[in-house]
Every structure is written in C-alpha cells, then in structure tokens.
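Reading through the structure tokens given below for one structure.
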Amino acid sequence: MSREQKMAWLTVGCFAVGLIGFLSLLPFTRPRAAVAAFAVVGFGGLGPLLFRKKRDPKEVAEDERDKMIAQKATLAAGVSSYTAFVLVCMITWGICHHQGREQISIHGLPLIVFFAGLIVFFVGRAATILGLYGREGRHGED
C-alpha cells in the first residue's frame, strides 16, 4: 500500500468517525453543538506526519503512476469542491431570499467554506485516490 493510499484511508476514516459523531449527537443537542463532532476530521491532516516518505534510497517512494493518480485526484477534488461551494452558496442565497432576508448570518459563512470547500476537497481527493488505485487492481493491472 502506497503512502497516498494510507493517507487517503486515514482521511476517509476520520470523516466517517466525524459524520457518525455528528449524526449521533444531532438528536440530543443543537445542530451547532453537533457540528463540533466534525473536529475529528482534522485528525486526517496528520497523515503526512504518520506516513512519512521512506528514507531508504533503494526503495522507490512513488512512481509516475502514483503521481498521475494524485494529480487526477487533486483535479477531481478541486472541481467537486468548487461545485459544492457554488451549490451551497446558491442554496443559502435562495433560502435567505425566500425568507425575505437580505443578509446571510455571519455564523453560516465559515460553515459554508468549511463544509463545502475543505471537507469536500479532502474527502473527495481521498475517495478518488482509493477509487483509482482500486480500479487498477492489486498489482497495477487494469
């Protein structure tokens, strides 16, 4: 398993734990308090520290295929993150417009950036990496 795959599994796992925590707390607390469960997603950022590049010069840390997969995953995540950000902004604007409000709450803006931007980007990139590695088979065969 490559370094990118390990970091992707960590990101997806942290997101799953955060989502389960959010859904578990939601019936018992206010939605703003339940959003705090998504703090677990931040632990996915520890991947580069946990899965450092190999220092052994005989072993190849990554090859061209790994770089190509990472590049495709980053592009796909960027497009999906931008799309989610625009959709969430338009949905928020539509709801506020329908309610007759001319301004969006200042508490909602960081959530839009956090959820629609960052989480979609990092979880989308991790899911794309796992999907691209899984599609090629165990030994790099299609």
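Every read-out reported here was derived from the displayed coordinates using simple, explicitly stated rules and does not represent laboratory data. Since the model is a prediction, treat every value here as computed from it, not as a measurement.
With P(r) over Cα pairs in 10 Å bins from 0, in percent as the read-out, I listed [x] 11, 20, 15, 13, 11, 9, 8, 6, 4, 3, 1; [y] 11, 31, 31, 17, 8, 2, 0; [z] 12, 44, 38, 6, 0; which label goes with the value calculated from this structure? Label of the calculated value: [y].
Cα-based values for the stretch 9-52, radius of gyration first and Dmax second, are 11.8, 40 Å.
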